[in-house]
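Everything below concerns the one structure shown next.
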Amino acid sequence: MAKIAFIGLGNMGGPMAGNLLKAGHQVTVFDLVDAAMDALVQQGAAKSSSALGALEGADTVVTMLPAGKHVAGLYLGDEGLIAKAAPNTLFLDCSTIDADTARRVGAAAAEQGLEMLDSPVSGGVKAAQAGTLAFMCGGTEAGFERGKKILEAMGKNIFLAGGHGAGQIAKICNNMLLAVHMIGTAEALQLGANNGLDPAVLSEIMLKSSGKNWSLETYNPYPGVMENVPASNDYKPGFMVQLMLKDLGLAMENSLLTQSSVPMGALARSLYASFSAKDGNAQRDFSAILEMFQS
Ligand code: NAD
């Protein structure tokens with residue numbers, strides 16, 4: 001069993017650390033918020049008063065932080081995790097961040113002879129709780145073989161996308177496509193409804209036709225068509241509009257850096273930005289974008 005330092009115990013990190021404990025790993029936690037650590041201590045974790053404290057005696061470090069600046073701040077520099085880690089420490093950063101920072105941190109680890117995987121996740125809080133996240137990793141094959149054994153306690157589909165940063169690129173590509181087909185699905189369903197079609201019947205037809213896609217099949221955005229999806233529960237998240245907007249922002253930043261043409265992604269970002277500017281929408285599920293086509 002691994003000795004794991006887990007840093008960042010928010011909505012996602014908390015349940016992920018819980019699943020590592022359930023799998024029998026020894027886990028020491030650190031978060032800026034004390035209460036977040038206490039919840040894990042009750043499940044058997046040890047608690048540290050600093051990130052470097054949690055690092056002591058650990059062979060693996062898992063981080064789940066808000067953005068690139070938090071990851072760079074924690075990992076880099078003379079007092080950073082990389083500089084202070086014992087030889088052979090494995091780093092798994094599961095945060096969704098810009099690929100450039102992921103590459104920079106991965107390169108700094110490699111310079112010290114340490115393995116690091118950017119391993120952002122697909123799946124929200126429910127998947128984090130259930131241990132069914134998908135991990136998209138970037139790093140070396142040797143790092144991936146080691147990391148996979150740890151990630152298996154938190155997820156069920158674990159991929160190596162390429163070198164450092166490739167996991168983050170896979171994540172932004174996936175979520176940009178998700179935004180595009182969610183919006184397309186919503187506008188098609190509303191067009192049908194505006195013409196008197198029953199959205200449930202239209203969904204059934206499109207599911208057997210060439211319009212079939214994940215948003216239509218497992219996350220239908222029209223209220224009442226499917227049970228157990230946010231659309232049928234007042235668009236309670238699920239996956240919040242503000243998180244989709246963050247991921248689309250990362251995709252747009254990267255498209256500028258790589259001079260990639262992403263017209264559909266840019267339009268999707270613009271529609272989500274406009275939708276999220278209205279009261280309370282930022283915290284609603286991203287399938288609520290359907291309402292944009294109803295007014
Ligand atoms: P969150 O804001 O709930 O949690 C982040 C945690 O990090 C907080 O508890 C905060 O106190 C802690 N933190 C910040 N800086 C720290 C530091 N220097 N040292 C220690 N702790 C620190 O965020 P979340 O929803 O858990 O998301 C985490 C990451 O996962 C983000 O990058 C997000 O984009 C990604 N993600 C989230 C979801 C989701 O549905 N929530 C889904 C997929 C991916």
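The values are calculated or read from the model by the stated rules, or taken from the named source; none is laboratory data. All values derive from a computational prediction rather than experimental measurement. Virtual Cβ from ideal backbone geometry, glycine too; neighbours counted across all protein chains shown.
Annotations
- Test: F135 is out of contact with any helix residue (DSSP H, G or I) (no Cβ under 7 Å at 6 or more places or on another chain) and of a type in the set (F, W, Y): no
Table: residues versus (1) in contact with a Leu (Cβ under 8 Å, 6 or more places away or on another chain); (2) part of a loop (DSSP other than H, G, I, E, B); (3) under 23 Å from K22 (Cβ atoms).
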site	(1), (2), (3)
L74	yes, no, no
G77	no, yes, no
F91	yes, no, yes
S95	yes, yes, yes
V105	yes, no, no
A109	no, no, no
G113	no, yes, no
Q129	no, no, yes
C137	yes, no, yes
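- Number of residues in the stretch 139-170 that are within 16 Å of the chain's Cα centre (by Cα) and either assigned to a helix (DSSP H, G or I) or of a type in the set (V, I, T) (or both) equals 7.
- When the test is whether a residue is among the charged types (D, E, K, R), touching a His at 6+ places or on another chain (Cβ under 9 Å), within 16 Å of the ligand (Cβ to nearest atom) and closer than 20 Å to K3 by Cα, D118 passes it.
- Qualifying residue in the stretch 249-259 (condition: of a type in the set (V, I, T), away from the ligand (no atom under 14 Å from the Cβ), within 24 Å of the chain's Cα centre (by Cα) and more than 30 Å from E115 (Cβ to Cβ)): no
- Residue in the stretch 201-209 that is assigned to a loop (DSSP other than H, G, I, E, B) and assigned by TED's automatic domain parsing to the domain that holds L271 present: yes
- Within the option set G53, G73, being surrounded by fewer than 17 Cβ atoms within 10 Å (Cβ to Cβ), within 25 Å of L248 (Cβ to Cβ) and either without any contact (Cβ under 8 Å) to a residue 60 or more places away in the chain or among the hydrophobic types (A, V, I, L, M, F, W, C) (or both) holds for one residue only, G73.
Table: residues versus (1) without any contact (Cβ under 8 Å) to a residue 40 or more places away in the chain; (2) of a type outside the set (V, I, T); (3) touching a helix residue (DSSP H, G or I) at 6+ places or on another chain (Cβ under 9 Å).
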position: K208; (1), (2), (3): yes, yes, no
position: N213; (1), (2), (3): yes, yes, yes
position: Y222; (1), (2), (3): no, yes, yes
position: E227; (1), (2), (3): yes, yes, no
position: P263; (1), (2), (3): yes, yes, no
position: F275; (1), (2), (3): yes, yes, yes
position: A288; (1), (2), (3): no, yes, yes
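- Boolean, L197 is part of a helix (DSSP H, G or I) and modelled with pLDDT of 95 or more: no
- Any pair with Cβ under 8 angstrom, 6 or more apart, that starts in the stretch 138-158 at a residue that is under 18 Å from P15 (Cα atoms) and ends at one that is part of a helix (DSSP H, G or I) and polar (S, T, N, Q): A153/N19; M154/N19
- Taking the criterion of being farther than 17 Å from Q129 by Cα and either away from the ligand (no atom under 13 Å from the Cβ) or assigned to a helix (DSSP H, G or I) (or both), the residues of the stretch 3-37 that qualify are K3, I4, Q26, D34, A35.
- Here D31, D59, D98, D38 are screened, and the one residue that is of a type outside the set (S, T, Y), more than 22 Å from H164 (Cα to Cα) and touching a residue at least 12 places away in the same chain (Cβ under 8 Å) is D31.
- In this structure, M226 qualifies as in a loop (DSSP other than H, G, I, E, B), out of contact with any Pro (no Cβ under 6 Å at 6 or more places or on another chain), of a type outside the set (D, E) and crowded, with 16+ Cβ neighbours inside 10 Å.
- Restricting the stretch 115-127 to residues that are without any contact (Cβ under 8 Å) to a residue 60 or more places away in the chain and under 14 Å from N19 (Cβ atoms) leaves a set whose member that is surrounded by the fewest Cβ atoms within 10 Å (Cβ to Cβ) is K126.
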